[in-house]
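Data first, discussion second: the structure below is written as structure tokens.
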Amino acid sequence: MQDEPTPSELIQAVADFLRAEIAPQISGHAAFKLRVSLNALDLVLRQLALESDSDAVETADLSTLLGLHGSLAELNRALADRIATGEADLQTPGLADHLWKTTLAKLAVDQPNYAAYKRELERK
Amino acid sequence: MAATIEQQLERCVRSWCPGATGVSDAARLSGGASQETWSFEIAHPDGNIGAILRRAPSGYGAAPSRAAGLAAEAVLMRLAHDAGIPSPRVLHVLEPGDELGIGFIMQRVEGETIPRKILRDETFAAARPKLARQLGEILAGIHGLPLPQLPELRRMTAASEIAELARDYRGFNWPRPVFELALRWLSDHDPGPSARVTLVHGDFRHGNLIIGPDGVRAVLDWELAHLGDPMEDLGWVCVNSWRFGEIDKPVGGLGTREELFAGYESARGDRVDPERVKFWEVMGTLRWGVMCCGMMQRFRDGPEHSVERAMIGRRSSETEIDLLRLLAPRGT
């Protein structure tokens, strides 16, 4: 068992330092790159917070949908193959819901401010 | 490095620009390892000329398989300019004696390319409502350029583009059920070869359009130009990725498809096929998703190991939600 602080706490501390103390000191291309870097750290923080739960749900849903057991990567490959061959399509019960759920879970980590994502959240 | 390129540019400029007395303010604008864009000033007694150099440096002559090549780009820009399409004037096509690599020098066009400014700044408020229509008019002009005058370009069909996207996606070896769904949809809805084959710009969207308070001033970046279905350009400019948050205005966040189509039909008289446009919008959405994955790959493989490229990889999920909104919309 690793000690504290947690990875999230460490990343947050680094992000806070860069934002508060470095960002005001730089400009131009370096400032742009710092903004992108801070976005990357924020993304990692969201992934650390959300990934284990969303992966568990996705794995369970895929097992039900496909009638198979395996790792998340194996199950996703199996689903991709079935869609490619036409064995599964939007008429397959549960498929559209599954794709929506997993895609929304990706956006929650990758780009929670993406306008199309925010629009879809309003539907819930 | 800047001093060296200024000296090279000065020697080059003196060879074709009578009266030019020098070159200054050379600044690298953007581009990857294989292609560079430089801005510089040509000093001239009649007034300085703002200029842009677009080049592949020596040793990077081989264009990626999809690129038309810089020589073809220069020809296309000249044709577009002469046909009255907003386009920078090409001043000089590089020759071996210039020792600047392959490429061309064009006149700099002042204006804005940054989408968020174009979509939100007061400066463009008067132009915005007219832009969707104007984009249609410009595309009609591009598609009307006479085929016999065009340089050698790739001929693409829906089927060949689907095959290319499928190959690229499978090369990443990372399962994406939504991309599979889109590939399948595209194959099932392939409208077949277009009856009308024209020049297709191939990357007609924000970032490649210089816009001023008066409207579009220049169409840039003909790197992906090819021959094919003219509806492809209309679909690509409607891809959600180019709306930058203004998701209810399909044409680059500026206006409606109807305005785009009306501008297109008024300028040329050729009918728009909305079904084909929709097909190409789906294709374009998937294409941008695959391109995002490709940038991640380039980041990982090394040549462009930057955090920007890495983060673009995480934008491919944006195209997945856009594809689902197109192909499997949820009930309201």
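The values are calculated or read from the model by the stated rules, or taken from the named source; none is laboratory data. Fair warning: this is a prediction, and the values are worked out from it, not measured in the lab. Cβ sites come from the backbone with ideal geometry, for glycine too, and all protein chains shown count toward neighbours. Only protein heavy atoms, including side chains, enter the accessible area calculation; ligands, DNA and RNA are left aside. Shrake-Rupley method; radii C 1.70, N 1.55, O 1.52, S 1.80 Å.
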Spherically averaged projected area in nm², based on the convex hull that wraps the Cα atoms of chain B
18.1 nm²
Under a Gaussian network model of chain A whose springs join Cα atoms within less than 10 Å, the largest fluctuation of A:27, A:37, A:63 belongs to A:27
Inter-chain shielding metric for B:173-186, i.e. average beta-carbon neighbours from other chains within 10 angstrom, reads 6
Taking Cα pairs under 8 Å and at least six residues apart, what relative contact order does chain A come out at, in percent?
20 percent
How far apart, in nm, are the 7 Å Cα→Cβ label points at residue B:123 and residue A:53?
4.4 nm
Counting Lys +1, Arg +1, Asp -1, Glu -1, what net charge surrounds residue B:167 among other residues with beta carbon under 13 Å of its beta carbon?
0
Across A:82-94, the residue-averaged tally of Cβ atoms belonging to other chains within 10 Å stands at 3
Using only DSSP helix segments of four residues or longer, with each worth -39500 (n - 2.57), what per-residue ellipticity at 222 nm results for chain B after dividing by its residue count and rounding to 500?
-13500 deg cm²/dmol
So how far, in whole Å, is the C-alpha centre of the range B:257-287 from the one of the range B:3-56?
38 Å
How much mean residue ellipticity at 222 nm does chain A get from its helices, if each DSSP H run of length 4 or more adds -39500 (n - 2.57) and you divide by all residues, to the nearest 500 deg cm²/dmol?
-24500 deg cm²/dmol
Size of electric dipole in the protein assembly as shown: Cβ of Lys, Arg +1 and of Asp, Glu -1, about Cα centre, debye, nearest 20:
580 debye
Give me the 1.4 Å probe accessible area per residue for chain B, excluding ligands and nucleic acids, in Å².
43 Å²
Suppose every Lys and Arg Cβ carries +1 and every Asp and Glu Cβ carries -1, with no other charges. What dipole size does chain B come out with about its Cα centre, to the nearest 20 debye?
600 debye
Quick one: if the Förster radius is 35 Å, what FRET efficiency do residue B:99 and residue B:66 give, using the C-beta to C-beta distance and rounding to 0.05?
0.80
In a Gaussian network model of chain B with springs linking alpha carbons closer than 10 Å, the residue among B:243, B:205, B:167 that fluctuates most is B:167
Within 10 Å of each candidate Cβ there may be at most 15 other Cβ atoms; applying that plus a DSSP loop requirement, which chymotrypsin sites (Phe, Trp or Tyr not before Pro) in the range B:195-236 survive?
none
With the charge dipole of chain B built from beta-carbon charges (+1 for Lys and Arg, -1 for Asp and Glu) about the Cα centre, the Cα from B:255, B:90, B:113 projecting farthest to the positive end belongs to B:255
Among A:96, B:192, B:328, whose Cα lies farthest out toward the positive end of the dipole of the protein assembly as shown, if unit charges sit on the beta carbon of Lys, Arg (+1) and Asp, Glu (-1)?
B:192
Computed from the beta carbon distance with a Förster radius of 30 Å, FRET efficiency for residue B:307 and residue A:10 to the nearest 0.05 stands at 0.95
List the residues, sorted by chain then number, that are 5 or more residues from residue B:227 or on another chain and whose placed amide H is less than 5 Å from its amide H.
B:154, B:155, B:156, B:200
Residue among B:13, B:77, B:280 farthest towards the positive dipole end of chain B, charges placed on Cβ:
B:280
Residues listed by number, the range A:72-114, amide nitrogen under 15 Å from residue B:297 label point at 7 Å toward C-beta:
none
Any idea what the alpha-carbon Rg over 2.2 N^0.38 Å comes to for the range A:55-124?
1.18
What are the residues of the range B:297-328 that lose 50 Å² or more of accessible area, with a 1.4 Å probe, going from their chain alone to all protein chains?
B:307, B:308, B:311, B:314, B:317, B:318, B:321, B:324, B:325
Over chain B, relative contact order from alpha-carbon pairs under 8 Å, at least 6 apart, %:
16 percent
The simple spin-label model distance between residue A:85 and residue A:26, using points 7 Å out along Cα→Cβ, in nm, is 5.0 nm
If we count every other residue with Cβ under 11 angstrom of residue B:277's Cβ, Lys/Arg +1 and Asp/Glu -1, where does the sum land?
-3
Most mobile listed residue (B:29, B:254, B:131) in chain B, GNM with C-alpha springs under 10 Å:
B:29
Could you give me the ³J(HN,Hα) list for the range B:125-136, computed from phi with Karplus coefficients 6.51, -1.76, 1.60 and θ = phi - 60°, whole Hz, x at Gly and Pro?
4, 6, 6, 3, x, 9, 6, 4, 5, 4, 4, x
Using a Förster distance of 45 angstrom, determine the FRET efficiency expected from the C-beta separation of residue B:174 and residue B:16, and round it to 0.05.
0.40
Where does the charge balance sit around residue B:11 when Lys and Arg score +1, Asp and Glu -1, over other residues with C-beta under 13 Å from its C-beta?
-4
